[in-house]
Amino acid sequence: MKYIIIPVTALQQNCSLIWCEESKKGAVIDPGGDLDKILQTASSNGVAIEKILITHAHFDHAGGANELAEKLSIPIEGPHIADQPLIERMSLQASLYGFPPVPSFTPERWLEQDDTVSVGDITLRVLHCPGHTPGHVVFFHADSNLAFVGDVLFQGSVGRTDFPLSSHADLIDSIRLKLWPLGNEVTFIPGHGPNSTFGAERQNNPFVGDSQ
């Protein structure tokens, strides 16, 4: 599997373009905006985008999903259905941060714990990791030891839980019970900021490290 991180919107959200090297079929994870930038990256790498994957329904991660799906006639998969209330309030979310309205969407497929999603010959495992939002999911590619974790975990930090429908206790449980068992060697791509590994965060993260 190949991937490129594409920071989008003024919030510099880490949208990811992933693709199968053999088929050149790809997916966009969390197209929050700046669709021209995403499409140009796909074109320059010869990638045919066949689906959109959503980790959670905050507008900086999902605000461009409906427009991209309609433009390319491709399906949206994810997040978990518990995020449906946030999807319905997508434009309100954007307006609260001073952004223009963005359309909501209905995914072709809601995702559950241990579902799989396919992209060309690639298979990603789905982990339901509530806390930042109730329907947040993580996409894990076991062959690459790579996880796309959205806003669950960051280098040196964890996702915010001061939003409506957030739960700090659920977030900590998601990290410790769902992510850590994947292995210390797993590299993760967060929703914002630099990559890290689960092992590094278990050692150093002041919110969820093993010493906490």
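What follows is calculated from the coordinates using simple rules that are stated; it is not laboratory data. Predicted model, so just to flag it, every value in this text is computed and none were measured. Ideal geometry is used to build each Cβ from the backbone, glycine not excepted, and the neighbour counts take in all protein chains shown.
What order do you get for L86, L146, L53 when you list them from fewest to most C-beta neighbours inside 10 Å?
Details: L86 24, L146 19, L53 27.
Ascending number of Cβ neighbours within 10 Å: L146, L86, L53.
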If neighbour count is taken as other Cβ atoms inside 10 Å, put C15, C20 in order from fewest to most. C20, C15
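Once Rh is set to the Kirkwood radius over Cα pairs, what Stokes-Einstein translational diffusion coefficient, in µm²/s, holds for region 2-204 at a temperature of 10 °C and a viscosity of 1.306 mPa s? Please report the intermediate quantities before stating the final value.
Values: Rh = 16.6 Å.
Value of D from the Cα-based Kirkwood radius: 96 µm²/s.
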Counted neighbours (other Cβ, 10 Å), sorted fewest up, put T55, T187 in the order T187, T55
Using Cα positions and a limit of under 29 Å, work out the lysines in reach of K178, with same-chain residues fewer than 8 apart set aside. K2, K25, K51
Within region 2-204, the percent of DSSP beta bridges that are antiparallel, given to the nearest 5, stands at 70 percent
Quickly work out the E108-to-I5 label distance, labels modelled 7 Å from Cα along the C-beta direction, and quote it in nm with one decimal. 2.9 nm
Lys and Arg at +1, Asp and Glu at -1: neighbours of T106 with Cβ under 13 Å from its Cβ sum to -4
Using the basic label-point model (7 angstrom from Cα toward the beta carbon), what is the E70 to T123 distance in nanometres? 3.6 nm
Inter-site label distance for E185 and S23 at 7 Å from Cα along Cβ, in nm: 2.7 nm
